[in-house]
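A short worksheet on the structure shown next.
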Amino acid sequence: MKKLLISILLCGVAFGADVLSGVKALVGDEIYAKNYDLIGRMFANKKSFTDENGRLNYARIVPNLTARSWLVFNFRDAWDTKVKLTTNASGMKFLVVVDDALRELGFSEILPLDYDGVYDKISLTLQIKSEFMLNPSNFYTELKRRGVFIDSVKRIDNTSYEYELDFTKAQIPTDNYVAGSTLSIAKSMKSYMFDVKGRSSVKAVAYEGGRWVPLIRFFDEELNLISQHKSKANTNYFAGAIPKGTRYMSIDDAFTTENIRRGFEILIR
């Protein structure tokens with residue numbers, strides 16, 4: 001009974017501290033202090049603002065703050081904003097997932113300002129130019145879809161935020177296919193990533209009129225490069241075995257995806 005009581009008390013303290021301290025980190029000391037009682041009432045039901053993993057649910061928290069103009073993410077003109085991301089992921093997996101999430105949210109002008117990898121921690125600072133800045137609510141949703149969770153968010157100023165991310169269960173975004181069946185891809189304008197765990201071979205053929213210079217890369221679970229095939233001329237064709245230990249395979253053009261804009265067919269066995 002004593003242990004149960006302690007556990008309940010600890011849970012209660014954790015929920016209260018997490019939600020309110022999370023809100024304070026977003027709005028800043030001044031707004032938090034000025035609206036302390038109101039914020040307390042707004043977030044009184046702590047469990048409504050945490051997800052199934054016990055982490056803060058920024059998709060529910062942030063809209064309450066923007067509704068009162070305590071947070072603003074839109075600008076009249078394109079503006080440079082900064083985002084610092086710190087995580088426990090391997091370098092390549094981190095970069096691929098973050099880039100995919102940001103582009104899904106409509107950000108295209110992304111400039112890396114600083115990258116630091118020390119032991120099991122990686123820190124990346126990005127400059128994003130846009131008429132709107134990265135909203136923790138939307139970022140939370142996109143990252144969660146990829147198995148990544150936000151441990152904390154802190155607003156440094158009106159155009160700068162810092163994130164702590166948990167990549168323990170991160171999933172690489174991949175394109176769908178059915179093993180043993182030919183996949184037809186029309187009007188290709190990007191590189192493709194496939195989960196080929198347990199597969200043995202791949203064959204890809206560009207459609208007539210294409211000028212494909214195959215660049216095929218094979219990666220392990222953490223997106224470390226195992227091997228690659230890079231053609232020197234447009235062959236419009238690739239066939240080969242998938243190396244042992246491969247988890248992911250990317251299909252690209254050695255120069256530009258414009259060369260495969262007419263599309264191609266791929267067969268993975």
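The values are calculated or read from the model by the stated rules, or taken from the named source; none is laboratory data. Keep in mind it's a predicted model, so treat the numbers as computed, not measured. Here the Cβ is made from the backbone with ideal geometry for all residues, glycine too, and neighbour counts use every protein chain on show. Surface accessibility is based on the protein's heavy atoms, side chains included, excluding ligands, DNA and RNA. Shrake-Rupley method; radii C 1.70, N 1.55, O 1.52, S 1.80 Å.
Just a few scattered comments:
- Here the condition is being open to solvent by 60 Å² or more (accessible area, probe 1.4 Å) and either within 25 Å of the chain's Cα centre (by Cα) or of a type in the set (D, E) (or both); of M249, M189, it holds for M189 alone.
- Among the residues of region 51-80, those identified as modelled with pLDDT of 95 or more and closer than 14 Å to Y140 by Cα are L56, N57, Y58, A59, R60, I61, V62, P63.
- Candidate set from region 121-140 (those that are in a strand (DSSP E or B) and not aliphatic (A, V, I, L, M)); member that is modelled with the lowest pLDDT: K121
- Among residues of region 158-182, those that are open to solvent by 50 Å² or more (accessible area, probe 1.4 Å) and under 15 Å from I128 (Cβ atoms), counted: 2
- The one condition from (1) under 20 Å from N53 (Cβ atoms); (2) free of Cβ contacts under 8 Å to residues at least 40 places away in the same chain that Y115 does not meet is (1).
- Within region 109-123, the residues that satisfy the criterion of being touching a Ser or Thr at 6+ places or on another chain (Cβ under 8 Å) and either closer than 15 Å to E162 by Cβ or open to solvent by 80 Å² or more (accessible area, probe 1.4 Å) (or both) are E109, P112, L113, D114, Y115, D116, K121, I122, S123.
- Residue that is closer than 18 Å to V97 by Cα, open to solvent by 40 Å² or more (accessible area, probe 1.4 Å) and not aromatic (F, W, Y), where the choices are E258, E221, E265: E221
- All strands (runs of 3 or more DSSP E) inside region 148-241 with 2 or more residues being in contact (Cβ under 8 Å) with a residue 12 or more places away in the chain and under 30 Å from A25 (Cα atoms): 149-157, 160-166
- Inside region 196-214, residues that are open to solvent by less than 50 Å² (accessible area, probe 1.4 Å) and of a type outside the set (G, A, S) make up a count of 5.
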